[in-house]
Structures are given as C-alpha cells and as structure tokens.
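A short write-up of the structure that comes next.
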Amino acid sequence: MKFKFLSTLALAVIAVQCAPKNDIIQENVENAKIQLKSLVEASEAGDTVRIPSTFKDGEIVYVPTDDWVSGFFAGTLWYMYELTGDEYWAEHARKHTEILDSIQYLKWHHDVGFMVYDSYGNGLRLKNIDGYKDVIVNTAKSLSTRFRPAAGVIQSWDADKGWQANNGWKCPVIIDNMMNLELLFKATEFSGDSTFADIAVSHADQTMKNHYRPDYSTYHVVDYDPETGEVRGRYTAQGYSDESAWARGQAWSLYGFTIMYRFTGDEKYLERAEKVAGFLFNNPNMPEDLVPYWDFDCPDIPDTYRDVSSAAIIASALYELYGMTENSLYKEKADKIVESLSSPAYRAEPGTNGGFILMHSVGSIPHGSSIDVPLNYADYYFLEALIRKGNIEKGLAPVK
Ligand code: GLY
C-alpha cells in the first residue's frame with residue numbers, strides 16, 4: 001500500500017487536496033471532517049463530554065452547559081451528519097445534544113433558542129428522536145417566563161446579575177433575541193399552544209419598531225420599562241458605541257427577520273430583512289471580500305479586526321432570503337462570502353486551529369473576550385450556509 005506509512009491526518013489532508021476544486025461544498029466538507037473529528041476526540045477524551053467554544057493560547061476552551069454558545073457544537077455535528085450521511089456524526093451529535101438536557105428548564109437568560117434549537121432542533125429534524133419535541137416545548141415554556149407583557153418583549157438579560165447589572169437597565173432586550181423566535185414557532189407547532197408563536201410575533205413587532213435607526217442598522221440593546229412598556233434607552237454592550245452598528249448584531253437582525261417571514265409569511269418582515277441586507281451591502285465599510293469588520297463604525301477601520309462569525313451568519317441568512325425572493329444578488333453575495341471564508345485568509349489549515357474550521361472571529365471587544373479567534377458559532381453558521389447553498393444548487397428549497 002502506497003499510503004501505508006502516512007498518518008490518518010496526512011491521508012485526510014490528501015482527501016481535501018483531491019476534492020474537486022470546483023466543488024467548494026465538497027472541499028469544505030473534506031476539510032471539516034478532519035477538523036471536527038479532532039474536536040470530537042478532544043471533547044470526549046475526559047470523563048464527561050465537554051463543549052468546545054474556542055481555541056486560545058494553544059488550548060481548546062470549553063464552556064458549561066448554561067453558556068449561550070453551548071448548543072453550537074452539537075448543531076455543527078448534526079450539520080456534518082446532514083452533509084455526509086455518515087452515522088459517526090449523528091452518534092456524536094446526539095451525545096453532545098443530550099448533555100444539554102437541563103437547559104429546557106433554564107430561565108435566567110434568553111439564549112435558550114440558540115442552545116436548544118441548534119442541538120435538539122436539528123436532531124429532531126434529522127433523526128426524529130423521541131423526547132426531543134418535549135425538550136423544545138419545555139424550553140419555550142421557560143423562555144416565555146421572560147416575556148414582559150406591558151412591553152411586549154422577551155427580556156434578554158436579568159438587570160441585576162453579571163456585568164450588565166451596573167448599567168441601570170430594567171428590561172434589556174438585545175437584537176440577538178430574534179434568534180430565539182424559531183424555537184417558539186416550533187413549540188407552537190409541536191404543542192398546539194399558540195402562546196409561543198404569539199410571543200414571537202409580539203417580540204418581533206416591538207423589535208422592528210424600537211431597535212432600528214432610519215438607515216435600518218440596529219441598536220444592540222434597547223432597555224424597556226417592564227411596567228409601562230416605554231423605551232428607556234438604546235445602547236450597546238458589544239459594539240464600538242451606542243450609536244454604532246455592531247457587525248454581529250446586524251447579522252442577527254438579517255437572520256431574525258428572515259426567520260419571521262419564513263414562519264408567518266408576513267411581507268413586513270421580508271421587507272425588513274431586505275432593508276437590513278441593503279444596509280449591509282451599501283455600507284462603505286463593508287470590505288470587498290464581504291467579511292465585515294467587527295463594527296461597521298469602528299474608527300480604526302481598516303486597521304481593526306474582522307468578524308468571521310458575522311460573515312457566516314449573513315451568508316446563511318442570504319441563502320434563505322434568496323429562496324424567498326429569487327433575487328440573485330443575495331445568492332451572489334452569499335457565494336462570495338463562502339468563497340472568502342473558504343480561502344486561507346479565514347479557513348484554518350487542516351490539523352491547526354484546535355480543530356475549529358474558521359479563524360478570525362470576535363466575541364466581544366469591549367469585554368476583551370474572544371478577540372480574533374475561532375468561535376464555535378462561526379463554524380455552525382458556515383456549515384449551515386454550505387447546506388443551504390447545496391440545497392439551492394440541487395433545485396431544492398434552501399431550508400428543509
Ligand atoms: N449573542 C451574543 C453574541 O452574539 O455575542
């Protein structure tokens with residue numbers, strides 16, 4: 001055997017090199033197999049399954065189950081199953097999903113949509129596993145405890161805990177919260193209880209009214225008075241300034257209103273998503289490779305960090321938007337992002353980057369955390385974008 005003395009890694013690298021160069025999806029899948037297998041092995045090497053979030057100073061960083069990013073690695077493994085059909089990925093995806101069992105009862109922050117829908121939601125969609133629907137419905141019940149009827153919104157963060165406790169906020173709502181709404185619609189579908197979908201619509205309508213500037217960029221944080229429903233102020237937590245356009249916030253905004261149109265068919269949500277896309281692509285600070293700087297208004301541009309996670313989220317949302325509108329511009333932009341992220345500028349060499357696929361994301365510059373590193377959610381949305389691209393190119397709907 002010619003390859004007898006080559007390591008598994010070397011063989012896998014050869015597979016990436018031999019993948020047809022004109023098949024960007026297959027080439028990325030071959031690369032992802034190498035990276036993610038090593039992350040699976042590392043995360044399952046101890047007594048308990050751990051959740052990899054990033055790679056810093058030569059070490060994989062693991063997070064507890066109640067961290068907002070805890071569902072992305074499970075979801076990434078489900079996407080690998082979807083992309084390859086290989087049961088290896090489903091087996092490990094299931095392990096990484098079921099360690100999140102207790103999150104269905106978590107009530108102290110809002111991020112359970114990410115945590116449970118990316119893990120259990122994908123597992124249910126791909127394998128129809130018994131009990132997963134119940135987890136989603138229970139999560140929706142927990143999330144609904146954060147709904148503040150007078151303001152018509154789901155409260156994102158508690159105002160008296162953690163770093164946000166010092167801001168004097170009463171009911172902070174962040175644009176990221178739009179990403180919880182998919183889980184609420186699904187919970188209504190599974191339970192027949194329309195309360196969850198009603199909350200989602202109310203939250204989206206209030207966000208549409210209160211979170212946006214005239215140019216359709218979004219504020220990061222809107223603080224409401226939970227008693228009267230009045231807006232108390234508009235701020236940032238992770239952006240450059242209160243009035244700036246934090247890149248990932250713009251990405252959540254695009255993705256969130258695209259989801260709203262998927263579930264309701266209400267044109268006003270589609271219109272909002274398209275306005276957000278317009279803001280992104282007409283912005284003079286959007287780089288040619290379409291990988292945004294971490295904040296569109298950072299005065300240090302171009303001498304500041306890119307945020308690959310924003311690019312991956314935007315690409316995935318644009319494929320869905322293309323499916324809704326058949327506006328080829330959206331697919332062209334998404335394809336360009338995928339092409340950029342597949343280049344050596346952003347995609348790690350096999351066997352490096354701690355096993356994560358993409359480099360150069362930004363968690364939060366104001367908090368000095370996770371700056372210019374791989375992030376598990378960048379990988380998650382990148383694989384999701386590849387799946388959606390593949391579906392479109394096979395003549396299917398982007399989202400199944
Ligand atoms: N949802 C938190 C973030 O986007 O950083």
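Could you bin all the Cα-Cα distances of the chain into 10 Å bins starting at 0 and give me the percent of pairs in each, rounded to whole numbers?
5, 24, 35, 26, 8, 2, 0, 0
Taking the Cβ of residue 170 as the centre, find all other residues whose Cβ is under 12 Å away and add up their charges (Lys, Arg: +1; Asp, Glu: -1).
-4
Run the quick spin-label model on residue 193 and residue 56: label points 7 Å from Cα toward the beta carbon, then report their separation in nm to one decimal.
Modelled inter-label distance: 3.7 nm.
Over segment 205-284, what is the mean sequence separation of C-alpha contacts under 8 Å (at least six apart), divided by residue count, expressed as relative contact order in percent? Mind dumping the intermediate values first?
Working: 99 pairs, mean separation 18.7, N = 80.
Taking the mean separation of contacting Cα pairs over the length of segment 205-284, I get 23 percent.
Quick one: how many lysine pairs in segment 68-177 have C-alpha atoms under 30 angstrom apart, if they're 8 or more apart or on different chains?
Close lysine pairs under the 30 Å cut-off: 14.
Express in whole angstrom the spacing between the alpha-carbon centres of segment 150-181 and segment 197-245.
Using only Cα atoms, the two centres lie 10 Å from each other.
Tell me, what does the Kirkwood hydrodynamic radius of segment 144-194 come to in angstroms if you use every pair of distinct C-alpha atoms?
12.3
If I stretch the segment between residue 327 and residue 107 completely, what's the gain in nm (0.36 nm per residue apart, minus their alpha carbon distance), one decimal?
Length gained between residue 327 and residue 107: 75.2 nm.
Given the -39500 (n - 2.57) contribution per DSSP H run of 4+ residues, what per-residue ellipticity at 222 nm results for the chain, rounded to the nearest 500 deg cm²/dmol?
My calculation for the chain gives -15000 deg cm²/dmol from helical runs alone.
Rule-of-thumb check for segment 278-400: C-alpha Rg over 2.2 N^0.38 Å? The partial results should precede the final answer.
Working: Rg = 14.5 Å, N = 123, 2.2 N^0.38 = 13.7 Å.
Computed over Cα atoms of segment 278-400, the ratio equals 1.06.
May I ask you to derive the FRET efficiency for residue 127 and residue 227 from their Cβ-Cβ distance with R0 = 51 Å, giving the value to the nearest 0.05?
0.70
Over the chain, what relative contact order in percent results from Cα pairs under 8 Å that are six or more residues apart?
15
Taken together, the values in this text are just the output of simple stated rules run on the coordinates, not laboratory data. Source: prediction; values computed, not measured. Every residue, glycine as well, gets a Cβ built from its backbone with ideal geometry; the counts of neighbours run over all protein chains shown.
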